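Each remark here refers to the structure printed beneath this line.
The values are calculated or read from the model by the stated rules, or taken from the named source; none is laboratory data. These figures come from a predicted structure and were not determined experimentally. No Cβ is skipped: glycine too gets one built from the backbone with ideal geometry, and neighbour counts run over all protein chains shown.
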Amino acid sequence: MKTFSWFPWPPGRRFVIGVPYLWLIVFFVLPFLILLRISVTDMGGGVDPFAPLIDSASGAWHLILKYDNYGSIFRSAEEGVAALWGNTIYMEAYETSLKYAFLTTLLCLAIGYPFAYFIARAKPSIRPALLMLVMLPFWTSFLLRVYAWKGILADQGVLNNLLMALGIIHEPLTMLYTQVSMLVGMTYVYCPFMILPLYANLVKMDFRLLEAAHDLGASPWKAFWLITVPLSKSGIIAGAMLVFIPCVGEFVIPSLLGGAENIMIGRVVWDEMFSSNNWPRAAALSVVMILLILVPLAFYYRSRSDRGMYQES
């Protein structure tokens, strides 16, 4: 007779599965719940994430939640309820963040795919050296690398002085604190996060499939589009997520390389928390930013799993 057990797996498997779950609970779920609790806190009563959510002082039980922290994100305080879903500064910051994250992801893919393909097709003896060159920037401080771009893109910086010395331009170009400097800095920083997943995917590809396609009369571009790209789809998705997700909440690069008109949501959250000292609204902005990323990803993976089940059936 079989006995019921809450843990049907052997101890080794429970340990291997339990450690990642414990890590996620302690370092993601609990901090997110604290952030969520702060986001519905009344600023006037102080920020206490462990304060009770239910008030029974008046004889009736009711929740102590303040949703205005979320309402202020989508509604202008000056225009009132009629401005719901209006073009507030927070919505503009979200739009700017999503725009730059999307453009950075496209640029990283356009630059990183040829790099990853070249490394995957290189001789096995030189691949470690090429990978080391890709990872070499990580050996330097992130902040120093961003500051270096300020010296390169400044009006009297390295790039302008070089172009003027070559006679290409006669006066400095305005590149710093523009959209160009933002995209250059973000693409430079996050391009390795695109190259490494693509390389890990392309290096396992059977290149004899391309030879077979050429033997059957396919052109190099058609063989690449119909064979290489579909086989590297998982690497493209992984690289895109590794670039897009941190770009949405980027704070350092917009602060150092972006102008006043290029305010991203990371800078807005910092201002609300440290300049305005409004922790509940900063927490609400962070929760909305997390949901903007996680909800589409959840629907995407759900659709992929449903397609997989449909194909198996």
Taking the conditions exactly as written (modelled with pLDDT of 90 or more and closer than 10 Å to residue 97 by Cβ), does residue 248 satisfy them or not? yes
Collect the residues in the range 205-220 that are farther than 14 Å from residue 230 by Cβ and without any contact (Cβ under 8 Å) to a residue 12 or more places away in the chain, keeping them in residue-number order. 208, 211, 212, 214, 215, 216, 217, 219, 220
Quick one: how many residues across the range 252-279 are in a helix (DSSP H, G or I) and either not charged (D, E, K, R) or not assigned by TED's automatic domain parsing to the domain that holds residue 181 (or both)? 15
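Could you list, in sequence order, the residues of the range 263-294 that are within 22 Å of residue 180 (Cα to Cα) and surrounded by 22 or more Cβ atoms within 10 Å (Cβ to Cβ)?
264, 265, 266, 268
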Being farther than 26 Å from residue 37 by Cα and modelled with pLDDT under 90 is the requirement here; does residue 239 meet it? no
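Can you tell me which of 212, 165, 218 is of a type outside the set (D, E, K, R) and buried (at least 16 other Cβ atoms within 10 Å of the Cβ)?
218
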Helices (runs of 4 or more DSSP H) contained entirely in the range 104-176, each with at least 1 residues that are over 22 Å from residue 198 (Cβ atoms): 142-153, 158-165
From the list 249, 217, exactly one residue is at positive phi and either in contact with a Leu (Cβ under 9 Å, 6 or more places away or on another chain) or in the same structural domain as residue 114 (by TED's automatic domain parsing) (or both). Which is it? 217
Which members of the range 161-195 meet the condition of being without any contact (Cβ under 8 Å) to a residue 40 or more places away in the chain and under 27 Å from residue 115 (Cα atoms)? 162, 163, 175, 180
Do the conditions hold for residue 111, that is, is it out of contact with any Asp or Glu (no Cβ under 9 Å at 6 or more places or on another chain), in contact (Cβ under 8 Å) with a residue 60 or more places away in the chain and of a type in the set (Val, Ile, Thr)? yes
Out of 197, 192, 220, I need the residue that is modelled with pLDDT of 90 or more, more than 25 Å from residue 147 (Cα to Cα) and not charged (D, E, K, R). Which one? 197
Condition first: part of a loop (DSSP other than H, G, I, E, B) and within 20 Å of the chain's Cα centre (by Cα). Can you find one or more residues in the range 212-234 that meet it? no
Please determine whether any residue of the range 228-244 is in the same structural domain as residue 113 (by TED's automatic domain parsing), touching a residue at least 60 places away in the same chain (Cβ under 8 Å) and within 30 Å of residue 157 (Cα to Cα). yes
